[in-house]
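First up is the structure itself, then whatever we jot down about it.
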Amino acid sequence: MKFKKVIIYLFSGTGNAKNTAFWIGDEVKRKGIDIEIVSIDKIHNQEIPKPPDYTLVGFCSPTHGFHFPEIMRKFICRFPKADNCNAFVVNTRAGLRIGKMFLPGLSGVLHYWSSLILIKKGFKIVGLRPVDLPSNWLLLHPALRKTGVDLIFKHTEPKVRQFAKNILSGKKDYRALYDIIQDTLISPVAIGYMYVGRYLFAKSFISSSDCDNCGICKKTCPVNAIKQVNGRMFWTYKCESCMKCMNNCPQKAIETAHGFILVFIFLLVTLLRYGLKQLLTIEPFKDLYWLRTGVMEFVIFSVLFIPFLILAYRIMHWLLRFKIFERFIVYTSLSKYKFWGRYKAPKTKNEI
Ligand SMILES: Cc1cc2nc3c(=O)[nH]c(=O)nc-3n(C[C@H](O)[C@H](O)[C@H](O)COP(=O)(O)O)c2cc1C
């Protein structure tokens, strides 16, 4: 199919997916084809126009919890049906470099899920490609050093450009399907992340007393998840943990509260075990031995997790007004320490 136009719908937290979309856009421009790159967070309340016939439509976003973040999932779901249009799906993931080896991230269910939806909407899928760029998941690990970041970018950019050339010249590129075994094995975790994990990560952010209320985090949050409660930034459940706020804060006043999360999980597990033990001493529940199994404990833990987290985060937010408590939370956040750093994708050259 000869494409009349290419439209790439983009979501990006720290810039990896943005670079990727622009590398592809660059190749489109070199071919003399009309290119449009649209940030989906800017149009998320608007009606999505039906793509004209013979358009190649791309979806480009980071991987979150072995799937697309909710904003991209919802966007793909409400994308209009199309006739005579092709589509490609590109996800940036957590690439690492150890010595001379470049290690890939994991896409999980993302490509299979989005392909199914897009095929149902009438698209022909011509490209499925994971793109391994530096991990920005700063809740779990410190930011990669600049040399590592630059090397990963240098290693990955030509692959993305080649992918673009392939699909623009009419070839199919399904590189994502090479990972089918590890993606299938990890898929149950994707479901766990969607229903439990993402809420925990969203509630790991706090603003410290270094915050000067400039409001940049609130204004630039792609999903409007940050609000001000009692003069302090507060992360709501809309948060996608995209890391934009934390990495753009000029005062470096946003921390991921590791200490709070550990204490919260410890207290919840302890309370739950104690509560169950007590419950089973009371008459009508005495014979319910199955409640004592590990599986049941896990189910009850999962059900109580979110309401307890809402409560705990609210209490912590209130307590942060006391200097001694605020310092405790800040100094038990690994992100407070210099070695942890922050991650923002470097700006790369392109012609669009
Ligand atoms: C909350 C969160 C979840 C993530 N989950 C995954 C994952 O499941 N698999 C993976 O390979 N990378 C994962 N990552 C890493 C990002 O997908 C990766 O760094 C991506 O390139 C960031 O793109 P961006 O800079 O456009 O936001 C995750 C990052 C965050 C912040």
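All of the numbers you see were taken from the coordinates with simple rules; none came from a lab. For clarity, every value in this text was computed on a predicted model and none was experimentally measured. Glycine gets a Cβ as well: all are built from the backbone with ideal geometry, and neighbour counts include every protein chain shown.
Side notes on the structure shown:
- Rg over Rh, two decimals, the range 258-332 (C-alpha only, Kirkwood Rh): 1.12
- Helical segments meeting 24 Å axial Cα length and Kyte-Doolittle -0.5 threshold in the chain (DSSP H): 146-168, 258-279, 294-319
- Rounded to 5, the percent of DSSP beta bridges in the range 5-186 classed as antiparallel: 10
- Positive-end residue, the chain charge dipole about Cα centroid, Cβ charges, pick of L288, G108, L262: G108
- Disulfide-incompatible cysteines by the Cβ rule (no partner under 4.7 Å) in the chain: C60, C77, C85, C211, C214, C221, C239, C242, C249
- Part-to-part distance (alpha-carbon centres) for the range 1-42 and the range 209-236, which is given in Å: 30
- Summary value for the range 5-186: 22 percent relative contact order, contacts being C-alpha pairs under 8 angstrom separated by 6+ residues.
- A crude spin-label estimate for the pair M101 and K238, with each label 7 Å from Cα along the Cβ direction, gives 4.2 nm.
- Local electrostatic count, L106, Cβ distance below 12 Å [Lys/Arg +1, Asp/Glu -1]: -2
- Per residue of the chain, the DSSP helices (runs of n ≥ 4 H) give a summed -39500 (n - 2.57) that works out to -13000 deg cm²/dmol at 222 nm.
- Treating r as the C-beta distance of K50 and K277 and R0 as 56 Å, the FRET efficiency rounds to 0.40.
- Chymotrypsin sites (Phe, Trp or Tyr not before Pro) lying in DSSP loop within the range 286-322, provided at most 14 other Cβ fall within 10 Å: F322
- Each other residue within a Cβ distance under 10 Å of N247 adds +1 if Lys or Arg and -1 if Asp or Glu, for a net charge of +4.
- For the chain, share of DSSP beta bridges that run antiparallel, in % to the nearest 5: 25
- Full extension of the chain between T220 and L268 gives 13.9 nm of extra length, using 0.36 nm per residue less the Cα-Cα distance.
- Reachable lysines, given that their alpha-carbon falls under 25 Å from the alpha-carbon of K203 and they are not under 8 places away in the same chain: K42, K74, K218, K219, K227, K238, K244, K252, K323, K336, K338, K344
- Residue order, fewest to most surrounding Cβ atoms within 10 angstrom, among Y337, Y54: Y337, Y54
- Annotation for the range 87-157: chymotrypsin sites (Phe, Trp or Tyr not before Pro) lying in DSSP loop with at most 10 further Cβ atoms inside 10 Å of their Cβ do not exist.
- Under 21 Å from the Cα of K286 - lysines, other chains or at least 8 residues apart: K277
- For the range 4-61, the Cβ-based charge dipole about the Cα centre amounts to some 140 debye (Lys, Arg positive; Asp, Glu negative; other atoms uncharged).
- Each residue, Y289 and K124, gets one label point 7 Å from its Cα in the Cβ direction; the gap between the two is 6.2 nm.
- Among the trypsin sites (Lys or Arg not before Pro) in the range 13-102, those placed in a DSSP loop whose Cβ has at most 16 other Cβ atoms within 10 Å are K31, R78, K81, K100.
- Length-normalised contact order for the chain - Cα pairs under 8 Å, 6+ apart - percent: 18
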